[in-house]
Amino acid sequence: MKTNWTDKVDRNLPLPEYPRPQMARSGWVNLNGPWEYAINSSSRFPKEFDGEILVPFSPETELSGVGRSLKSGEFLWYRRVVTMPPEFAGRRVLLHFGAVDQCAVVWVNSVQVASHIGGYLPFEADITDAIDGDTVTVTVRVTDDTQRGGHTRGKQKSRRGGIWYTPQSGIWQTVWMEAVPESYVKALRITPLFDEAAVEIAAEVEGGETAYAQLGGASYALPARIPVPNFEPWTPENPTLYGFTVTCGEDQVQSYFAMRKFSVGKDEKGVPRLFLNNRPCFHNGLLDQGYWPDGLYTAPTDEAMIYDISTAKSMGYNMLRKHIKVEPLRWYYHCDRLGMLVWQDMPNGGGHYNAAVVTTPLVTGIHLSDKLYPLFGRANKAARLEFRAELAAMVRHLYNCPCIAMWVIFNEGWGQFDAAKMHDLVRGLDKTRTIDHASGWHDQGIGGIKSLHVYFKPYVFKPDKRGRAVVLSEFGGYAHKVISHEFGKKSFGYKKFETPAQLQIALEDLYQKEIGPAHLQGLAAAVYTQLTDVEDEINGLLTYDRKVVKVAPEVMQEIVDVDI
């Protein structure tokens, strides 16, 4: 199934853009493109390879050129010979992987340089000492058991169907190298201090040099609290970004920040609301799974990512809930510059989900304690520790992105456990954003957010007894199949409509009779399901191939305007 961008992919260098916009260097090489691949049952280096795969598209995808799934117990191998640029000579060389699903081991010239577990987060290796000559051979070995071992897996399922999607494996984000001096900037931490008209910038440095930030014509030794007088606040309507440079000896990186503040507060009537820049802000959003029919987790081009965000914005939405997935950093950059709030979900993991447990609150209103690990598929202690580590790593990884307004830790009880401790972990890492500890149900009565999913009955606003801001973090899910743009014969949706006109009328009723009045009474946010169709799910406002918009953007703008 193709999108409008499938045939525009450069087979020699797909996704050529710099992958890390908030810490950009000039000396880098993109390693996307054709690699050798093999799928076998041996953990030893293969003597022969099966053919060519287009990185960074997983072998299960159409764009990869492979079209084969990696099974439990199999090994996926990648190999590429890379010519080292002359300008890399005499410098340290870092090899970066945006994301590899699920467990990866990396060799350079037969020297193991990295191993990593977790399919959603980046990792890197200093490969300087493994380089011997003008070329290097990079080899990657991947295993991915999807539902075994309790690893984070998101919406992937070995037997896809309904709300669970085709599993994928291997490299699915950009692979790249960069050259740095002996002392260099390893990471930045950027915190806008809205009320103080300042920004706090810190740098993690490798080596003995001091890092300096250049901003507003002045230089500041880091860490530093830097004044930003007369700043323009970042909002979805006016997404102002401020650029700055960090130097560390001979190293130099370009970055940016925005001046904004996220919080929960009470409006003039004493109703708890979500606040942006000390003012109530209704987060009017869409659930966004980030799946593509040609690339699964990987958008075919940068323009394709921009299209999704821009189309949601043209429909009148100011927020996307990035559902059970971590995107490449360029996706967040586009949200930063285009003006799109983001709720960032942590991908779920754990063992088998008991349907009776994860749907109990939906049917009975009873919310179970998430300390009952076996009930939630969390008996595996090692997997719980792995989730905790990956949650912390995700928050650190995305901390600098101005667009992210909320962290969503658990969804509908999928692998939920110790939500109070996970909430405290995230709050300890990030005091600048709101946190939804349990989206949908199995609410543990903590934090500043009461999060609801309502699909099968009309939504009626009720204030939270604990005084938290109430958000409708999923609703709608109205389904309409567009013939010749469907994924397969099976269709999934919560309420089906035969024609676009029927869908439009139903959406008008939904927003006018439920969301609008609830907003006036105190509803702080609403997340409609969903932006696009995904495989069997036909409840998107766009088809899975993005070729049909089911309701015109200008019409949707009027529908979702809840300030009535």
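Are any residues in segment 92-125 assigned to a loop (DSSP other than H, G, I, E, B) and crowded, with 18+ Cβ neighbours inside 10 Å, and if so, which ones? Please lay out each step first, then the result.
Step one: list which residues in segment 92-125 are assigned to a loop (DSSP other than H, G, I, E, B), which gives 98-99, 102, 109-110, 118-122.
Residues satisfying the conditions are G98, A99, Q102, G118, G119, Y120, L121, P122.
Scanning segment 153-172 for residues that are assigned to a loop (DSSP other than H, G, I, E, B) and either under 19 Å from S69 (Cβ atoms) or free of Cβ contacts under 8 Å to residues at least 40 places away in the same chain (or both) yields a count of 13.
Taking the criterion of being closer than 15 Å to V534 by Cα and either basic (K, R) or surrounded by fewer than 18 Cβ atoms within 10 Å (Cβ to Cβ) (or both), the only residue of segment 493-510 that qualifies is Y494.
Quick grid of which residues meet (1) within 30 Å of E209 (Cβ to Cβ); (2) of a type outside the set (A, V, I, L, M); (3) not assigned by TED's automatic domain parsing to the domain that holds K495:
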position: L121; (1), (2), (3): yes, no, yes
position: V142; (1), (2), (3): no, no, yes
position: Q147; (1), (2), (3): no, yes, yes
position: R160; (1), (2), (3): no, yes, yes
position: Y165; (1), (2), (3): no, yes, yes
position: S169; (1), (2), (3): no, yes, yes
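Residues in segment 209-218 that are touching a residue at least 12 places away in the same chain (Cβ under 8 Å), under 12 Å from F244 (Cβ atoms) and out of contact with any Leu (no Cβ under 9 Å at 6 or more places or on another chain): Q214, L215, G216. Of all residues in segment 185-225, those satisfying the criterion of being farther than 18 Å from M23 by Cα and among the hydrophobic types (A, V, I, L, M, F, W, C) are L193, F194, A197, A198, A218. Just to be sure before I move on: is R337 closer than 21 Å to F275 by Cα, at pLDDT 95 or above and among the basic types (K, R) in the structure I sent? Against the criterion (closer than 21 Å to F275 by Cα, at pLDDT 95 or above and among the basic types (K, R)), R337 qualifies. Kindly evaluate P236 against the criterion of being assigned to a strand (DSSP E or B), within 22 Å of the chain's Cα centre (by Cα) and at pLDDT 95 or above. So P236 does not fit the description; no. Does E87 satisfy the condition of being out of contact with any Lys or Arg (no Cβ under 9 Å at 6 or more places or on another chain) and either touching a residue at least 24 places away in the same chain (Cβ under 8 Å) or part of a loop (DSSP other than H, G, I, E, B) (or both)? So E87 fits the description; yes.
What tally of residues in segment 511-529 results from selecting those that are part of a loop (DSSP other than H, G, I, E, B) and either surrounded by 24 or more Cβ atoms within 10 Å (Cβ to Cβ) or without any contact (Cβ under 8 Å) to a residue 12 or more places away in the chain (or both)?
The total comes to 2.
If you go through segment 49-90 and keep only what is surrounded by fewer than 18 Cβ atoms within 10 Å (Cβ to Cβ), in contact with a Pro (Cβ under 7 Å, 6 or more places away or on another chain) and modelled with pLDDT of 95 or more, you end up with just E52.
Can you name every residue in segment 445-480 that is more than 26 Å from the chain's Cα centre (by Cα), among the acidic types (D, E) and either modelled with pLDDT under 95 or surrounded by 23 or more Cβ atoms within 10 Å (Cβ to Cβ) (or both)? Correct list: empty. Only helices (runs of 4 or more DSSP H) whose full extent lies in segment 296-397 are considered here, and the ones with at least 3 residues that are among the hydroxyl-bearing types (S, T, Y) and not assigned by TED's automatic domain parsing to the domain that holds T191 are 302-314. Per the listing L372, L429, the residue uniquely more than 23 Å from the chain's Cα centre (by Cα) and not aromatic (F, W, Y) is L372.
Does Y242 satisfy being crowded, with 17+ Cβ neighbours inside 10 Å and under 20 Å from C401 (Cα atoms)?
Yes, satisfied.
Annotation note: of G477, G467, G493, G448, the sole residue that is in contact (Cβ under 8 Å) with a residue 60 or more places away in the chain and touching a Phe, Trp or Tyr at 6+ places or on another chain (Cβ under 8 Å) is G477. Scanning segment 328-382 for residues that are at positive phi and out of contact with any Phe, Trp or Tyr (no Cβ under 7 Å at 6 or more places or on another chain) yields G339, G365.
Taking the condition touching a strand residue (DSSP E or B) at 6+ places or on another chain (Cβ under 6 Å), touching a residue at least 40 places away in the same chain (Cβ under 8 Å), surrounded by fewer than 18 Cβ atoms within 10 Å (Cβ to Cβ) and in a strand (DSSP E or B), does Q254 pass? The answer is yes for Q254. The residue that is farthest from Y184 (Cα to Cα), counting only those in segment 27-64 that are touching a Phe, Trp or Tyr at 6+ places or on another chain (Cβ under 7 Å), small (G, A, S) and in a strand (DSSP E or B), is G51. Residues in segment 393-433 that are under 30 Å from A356 (Cβ atoms) and free of Cβ contacts under 8 Å to residues at least 40 places away in the same chain: A420, K421, M422, H423, D424, L425, V426.
The values are calculated or read from the model by the stated rules, or taken from the named source; none is laboratory data. Fair warning: this is a prediction, and the values are worked out from it, not measured in the lab. In this analysis, Cβ positions are derived from the backbone assuming ideal geometry, glycine residues included, and neighbour counts consider all displayed protein chains.
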